[in-house]
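Following: one structure in structure tokens, then a few remarks.
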Amino acid sequence: MIIAVLLTALALLAAFYAVQLVRTAKARGALKPKAEGIAIGAVANFFDALGIGSFAPTTAWLRFRKLVPDSFLPAVLNAGHCLPTVMQGLVFMKLIQVDPVLLIACIGASILGAVIGAPIVLRLPVRAVQMVVGAALLIAAALYAMTNLNLMPAGGEALSLDGNMFLIAIVAHVLMGALMSFGIGLYAPSLIMLSLMGMNPTAAFPIMMGACAFLMPVSSLRFIKSQRIDLRLVLGMAIGGIPAVLLAAFVITSLPLTVLRWGVVVVVLYAAVNLLMTALKTRQAPVPAEQG
């Protein structure tokens, strides 16, 4: 019953976000999705549903192609991958069993973090965004490499957490929710933390995907009203991403993910170094605070 209520609430939240996204795009004359955005959404979210991740590869491609200014990255990542991530949350919360109390608590904590983080990101100078996202990409590359080298925690068999472990997980998800607003993915750190606490890594999937699925519409409602966003690109990513998630979840059973991750490591490292070098060369200039 609890899971059914969660799934209903998530579907309603996603529908509300989708309506607001379309309305905002229409008001700005940006209703025509970019074809490259559709391709980005399809590829990134296909591999995201398989556990590769979407934020780091998308950031690397956006910078390689110079599709948006660096200050647009957090908004485009969150708003563009929002609806495909919701689809992942709906699928995995339905299919995989986990303690519903822990699931709800981590989702609520992540939403709180996103509410705190989104307005901060919108007021940050470009150089600060470049530094934060560049550092996040380096961490992402390290996590991909650790996964391939079997250095990630194996986890236990638990489907729930108690006592201090429960409280630590909640506090950590507040922080991870805030970092999501900066374009720093929640999946890997959430999976690692819960596995180290003795949880079954499979049981961590609905938690990390459910947390992202709920927090991204909340933060993205603010991002889509910002001027630091490309709504045509965001619409394309959403359109391409949703069917790709369904394909990955229900059709594809095996892929050489280790080889793919090594490829992602190379691309993400390039993007991280390039982004950090740009930030170090850029003279910091004040950015006027946005209204709303």
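The values are calculated or read from the model by the stated rules, or taken from the named source; none is laboratory data. All of these numbers come straight from a predicted model, not from anything done at the bench. Quick reminder, even Gly has a Cβ in these numbers, built from the backbone with ideal geometry, and neighbours come from all protein chains shown. Ligands, DNA and RNA are excluded from the accessible area calculation, which covers all protein heavy atoms including side chains. Shrake-Rupley method; radii C 1.70, N 1.55, O 1.52, S 1.80 Å.
Computed quantities for the displayed model
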{"read-out": "Contour minus Cα-Cα distance for ILE116 and ARG28 (0.36 nm per residue)", "value": "29.0 nm"}
{"read-out": "Under 13 Å from LYS34, Cα to Cα: aspartates and glutamates that are on another chain or at least 8 residues apart", "value": "ASP230"}
{"read-out": "Where labels lie 7 Å past Cα in the beta-carbon direction, separation of LEU159 and LEU50 in nm", "value": "2.9 nm"}
{"read-out": "Straight-distance crosslink candidates among aspartates and glutamates, where the alpha carbon sits under 13 Å from LYS225 and sequence neighbours closer than 8 are dropped", "value": "GLU290"}
{"read-out": "Assigned charges on the beta-carbon of Lys, Arg, Asp, Glu; the chain dipole about Cα centre (debye)", "value": "1240 debye"}
{"read-out": "Whole-angstrom gap from the range 153-203 to the range 49-123, using each part's C-alpha centre", "value": "15 Å"}
{"read-out": "Magnitude of the charge dipole, the range 117-268, Cβ model with Lys/Arg +1 and Asp/Glu -1, debye to 20", "value": "640 debye"}
{"read-out": "222 nm mean residue ellipticity, helices alone, for the chain (DSSP H n ≥ 4; -39,500 (n - 2.57); rounded to 500)", "value": "-25500 deg cm²/dmol"}
{"read-out": "Heavy-atom accessible surface of the range 68-128: percent carbon and sulfur, 1.4 Å", "value": "74 percent"}
{"read-out": "Hydrodynamic radius (Kirkwood) for the chain, which is based on Cα pairs only, to one decimal in Å", "value": "18.9 Å"}
{"read-out": "Solvent-accessible area per residue, Å², over the chain with all protein chains present [probe radius 1.4 Å]", "value": "44 Å²"}
{"read-out": "Coordinate range along principal axes, alpha carbons of the range 52-150, Å, largest first", "value": "41, 36, 20"}
{"read-out": "Crossing angle, helix 126-148 versus the chain [Cα axis fit, 0-90 degrees, rounded to tens]", "value": "40 degrees"}
{"read-out": "Residue (of LEU161, LEU138, ALA279) at the positive-pole extreme of the chain, dipole from beta-carbon charges", "value": "ALA279"}
{"read-out": "Positive-pole candidate from VAL266, ALA172, LEU102, dipole of the chain, charges at beta carbon", "value": "VAL266"}
